[in-house]
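Enquirer: Let me give you the structure first, and then I'll get to my questions.
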Amino acid sequence: MSADPHSRRRLLSLALWAVFAVGALLWTLGALATSAFLHWSAGLLAAGDAVPLSQSLASMPIPAWLTYWVDVQALHATLDGIVWTLESAQRSLPWLATVLRWLQPLTWVLWALGVAVILLAALGTQMLVRRLGRGGPPAVARA
């Protein structure tokens, strides 16, 4: 017992829009997480809480279990490099805070473009399903 083509087409359309809804939801959640991270980062930089990070990293003790796996001198050199990088980056913190404030609206512009692309793909697929559901274009008669 087979279902009629109209109900199959309707079921396919329903599945198509469900996939669109899930894709748009995942895209939105990703944009929301990115926006929240950028907002948190900008707030951290504006409050000056990122500056003491290098000092706390420099005074961080190395766990004993880590010394079995990694050379202690290499670990100290790596930590010194990270501290130097963070201290060097402190000069550019005001500039970085400005960049982060601009990236937040850019995130939502990219979100809108992504949703538009997903929507256009869903609409194109929907049109294709309707066209193929009608039996496709008429066959050309051969002479």
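Enquirer: Contour minus end-to-end for R101 and R130, with contour as 0.36 nm per residue of separation and end-to-end as the Cα-Cα distance? Please list the in-between numbers first.
Expert: Details: separation 29, 0.36 × 29 = 10.44 nm, distance 4.47 nm.
Stretched fully, the R101-R130 segment lengthens by 6.0 nm.
Enquirer: Given points 7 Å out from each Cα along the Cα-Cβ axis, report the L123 to L32 separation in nanometres with one decimal.
Expert: Result: 2.5 nm between the two label points.
Enquirer: Points 7 angstrom from Cα along the Cβ direction at L12 and T85: gap in nanometres?
Expert: If labels sit at L12 and T85, their model points lie 5.1 nm apart.
Enquirer: With a 1.4 Å probe and all protein chains left in place, how much accessible area per residue does the stretch 60-128 have, in Å²? Walk me through the intermediate numbers first.
Expert: On the way: 5180 Å² over 69 residues.
Per-residue accessible area for the stretch 60-128 comes out at 75 Å².
The values are calculated or read from the model by the stated rules, or taken from the named source; none is laboratory data. Bear in mind that the values here come from a model prediction, so they are computed numbers and not experimental data. Don't worry about glycine lacking a Cβ; one is built from the backbone with ideal geometry, like all the others, and counts go over all protein chains shown. In case anyone asks, the SASA skips ligands and DNA or RNA and just uses the protein heavy atoms, side chains included. Shrake-Rupley method; radii C 1.70, N 1.55, O 1.52, S 1.80 Å.
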